[in-house]
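Quick notes on the structure that follows.
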Amino acid sequence: KTHISHNVTVENDFWKLLQNGLIERNPFIRKQALYLMKRAVHILNSEKNVIKLQCSDPVFWWDISSSNTIWEQFFLIIETLEEKQVHIIKPVLPVLNSLVDHCLSPNDNGFMLHKSWILCVLTRIINHDNVGIVKWGISNFVQSFKKLQFLKCCIANFLGTFFTAINNSSLYVRNSTNDASSDVVKQLQLLFQSAAEFPDDDCQLFFN
């Protein structure tokens, strides 16, 4: 038997590695990352410890009063997004709004949840095979963009995924009833307007 004495849950790179695994295109890698993360969260919950990572920008922390509920919500939406049936996924999508609220709720670590986990969920949503799910993800990202100040978070990888997603021409089919433009067009207009209102450095960062 091999005994590993080092506690990886106190390493920021461990949680970033899990984030990368959760958004992988390969479902086997996603499954591995989810299993490791659920095990780590289960251990933290059973030990009732408080985790504060000692680094400049931690992406994870554990608060015994609220973290278990937050991660239950996170796991629920991440696991549901593995499904193909829209009728199974759609009722769970609003859980993301609760996670966004946690990113805006202050605690000893600044906020209850790091916004990079929202980007993990959004990445999974806009990579989904169903166009309706992708549209919902685009709309939710636009609504959250200014609220969560995503430019203060490292979103370069997400923006690459985002712009790949919006190059799908099926997102722009006009309404057959009144020939109105696609909702995605309106959401992108709002996104670029929001980005243009940021200070010059942030605006340049986004459009670069």
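The values are calculated or read from the model by the stated rules, or taken from the named source; none is laboratory data. Predicted, not measured: the structure shown is a model, and the values here were computed from it. No Cβ is skipped: glycine too gets one built from the backbone with ideal geometry, and neighbour counts run over all protein chains shown. These area figures cover heavy atoms from the full protein model, side chains too; ligands, DNA and RNA do not enter into them. Shrake-Rupley method; radii C 1.70, N 1.55, O 1.52, S 1.80 Å.
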Residues of the stretch 153-181 being part of a loop (DSSP other than H, G, I, E, B), closer than 16 Å to SER139 by Cβ and either open to solvent by 90 Å² or more (accessible area, probe 1.4 Å) or of a type in the set (A, V, I, L, M, F, W, C) (or both), which ones?
ILE166, VAL173, ALA180
The listed residue being open to solvent by 60 Å² or more (accessible area, probe 1.4 Å) and at positive phi, out of LYS90, LYS48, LYS84, LYS38
LYS48
Between residues in the stretch 82-109 that are free of Cβ contacts under 8 Å to residues at least 40 places away in the same chain and residues that are open to solvent by 70 Å² or more (accessible area, probe 1.4 Å), which pairs lie under 8 Å by C-beta distance while being six or more apart or on different chains?
VAL92/LEU76; VAL95/LEU76; HIS102/PHE111; SER105/PHE111
Here is a check on your reading of the model: is ILE77 within 20 Å of ILE126 (Cα to Cα) and in contact with a Gly (Cβ under 9 Å, 6 or more places away or on another chain)?
no
Hey, PHE150 hits all of (1) buried (at least 18 other Cβ atoms within 10 Å of the Cβ); (2) under 24 Å from SER170 (Cα atoms) but one; which does it fall short on?
(2)
Just for the stretch 128-144: of the residues that are surrounded by fewer than 18 Cβ atoms within 10 Å (Cβ to Cβ) and in contact (Cβ under 8 Å) with a residue 24 or more places away in the chain, which one is nearest to GLN19 (Cα to Cα)?
ASP129
Go through the stretch 182-192 and count every residue that is open to solvent by 40 Å² or more (accessible area, probe 1.4 Å) and either part of a loop (DSSP other than H, G, I, E, B) or within 16 Å of LEU148 (Cα to Cα) (or both).
2
Report, by residue number, each residue of the stretch 106-150 that is assigned to a loop (DSSP other than H, G, I, E, B) and within 19 Å of ASP57 (Cβ to Cβ).
PRO106, ASN107, ASP108, ASN109, GLY110, PHE111, MET112, LEU113, HIS114, LYS115, LEU148, GLN149
When residues of the stretch 104-119 are filtered for being surrounded by fewer than 19 Cβ atoms within 10 Å (Cβ to Cβ) and not polar (S, T, N, Q), how many remain?
5
Complete set of residues in the stretch 26-56 that are modelled with pLDDT of 85 or more and among the acidic types (Asp, Glu):
none
